[in-house]
Amino acid sequence: MSLSAYVCVARHGETDWNIAGILQGWTDVPINDQGRRQAYELVGGFSHAKFSKVYSSPLIRSLETAEIIARSLRLEPPETHEGLKERHFGAIQGIPKSELAELNPVLLQQILKRNPAIDFEEGESMDEFADRVLDAIAGIARPNAGRRILAITHGWVMDVITRHIAGLPRTTILNMKRRNGECVWLDVRRESIRAL
């Protein structure tokens, strides 16, 4: 019988672009002072979690959040995993939502709804993105059976995981958005990913 890995997936700390309403995607934007405070708040909540390892998206907003947590919990520096990156939003990465309201108001409405079925020009399709995320979760869990691990990632990644553990279709629009610093615990065994 295989052991589960217990994976806590958390959204990175706040960035200035989060506040400004700019789609970050794969653009590297650091966390701000509030984001650093959120990372330290996570440390407080994780003091008894007994993590053995920390993983992170390679994007700086996740990596800096993960580094603060790993250092504070006296763990090894985070290991980055490409599969934990945010969805690639293609041509609209870095465009403020206020500007998008003029350029393409229909697209903006879909983004504000967080409609996963949006087709982002030059970006990732929903299936490519969801496959990548779920493969990453299974991949980081595999060598960590019987352990608790932390994975720092992004908002749309959290949406993929939320739909998956709720048994919802990938195209379901969620009526919620994970906050910066919010987390969800997973029980991952072989290829099965369930809420803990």
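The values are calculated or read from the model by the stated rules, or taken from the named source; none is laboratory data. Note that the structure is predicted; figures quoted are calculated from it, not measured. Ideal geometry is used to build each Cβ from the backbone, glycine not excepted, and the neighbour counts take in all protein chains shown.
Of the helices (runs of 4 or more DSSP H) contained entirely in the range 1-96, those carrying at least 2 residues that are more than 25 Å from R147 (Cα to Cα) and in contact with an Asp or Glu (Cβ under 6 Å, 6 or more places away or on another chain) fall at 33-46. If the condition is being crowded, with 18+ Cβ neighbours inside 10 Å and of a type outside the set (D, E, K, R), then the range 52-73 contributes V54, Y55, S56, S57, L59, S62, L63, T65, A66, I68, I69, A70. Taken as a whole, the condition of being within 15 Å of L23 (Cα to Cα) and in a helix (DSSP H, G or I) applies to I111. Residue check: is L174 at pLDDT 95 or above, over 22 Å from F46 (Cα atoms) and either outside any strand (DSSP E or B) or among the charged types (D, E, K, R) (or both)? For L174, the condition - at pLDDT 95 or above, over 22 Å from F46 (Cα atoms) and either outside any strand (DSSP E or B) or among the charged types (D, E, K, R) (or both) - is not met. Scan the range 106-133 for residues that are surrounded by fewer than 18 Cβ atoms within 10 Å (Cβ to Cβ), within 28 Å of S192 (Cβ to Cβ) and either more than 15 Å from the chain's Cα centre (by Cα) or of a type in the set (A, V, I, L, M, F, W, C) (or both) and report the count. Selection size over the range 106-133: 5. From the list E76, E86, the one residue that fits, being at pLDDT 95 or above, buried (at least 18 other Cβ atoms within 10 Å of the Cβ) and not polar (S, T, N, Q), is E86. For the range 145-182, name all the residues that are out of contact with any Asp or Glu (no Cβ under 7 Å at 6 or more places or on another chain) and crowded, with 20+ Cβ neighbours inside 10 Å. Of everything in the range 145-182, those that are out of contact with any Asp or Glu (no Cβ under 7 Å at 6 or more places or on another chain) and crowded, with 20+ Cβ neighbours inside 10 Å turn out to be I149, L150, A151, I152, T153, M158, D159, V160, I161, R178. Sort out which residues of the range 97-135 are closer than 25 Å to A151 by Cβ and among the β-branched types (V, I, T), and write them in order of number. Matches in the range 97-135: I111, I118, V133.
One line per residue, one yes/no per condition, for (1) in contact (Cβ under 8 Å) with a residue 60 or more places away in the chain; (2) out of contact with any helix residue (DSSP H, G or I) (no Cβ under 7 Å at 6 or more places or on another chain); (3) under 24 Å from N144 (Cα atoms); (4) among the aliphatic types (A, V, I, L, M):
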residue: D159; (1), (2), (3), (4): no, yes, yes, no
residue: I165; (1), (2), (3), (4): no, yes, yes, yes
residue: L168; (1), (2), (3), (4): no, yes, no, yes
residue: R179; (1), (2), (3), (4): yes, yes, no, no
residue: V184; (1), (2), (3), (4): yes, no, yes, yes
residue: V188; (1), (2), (3), (4): yes, no, yes, yes
residue: E191; (1), (2), (3), (4): no, no, yes, no
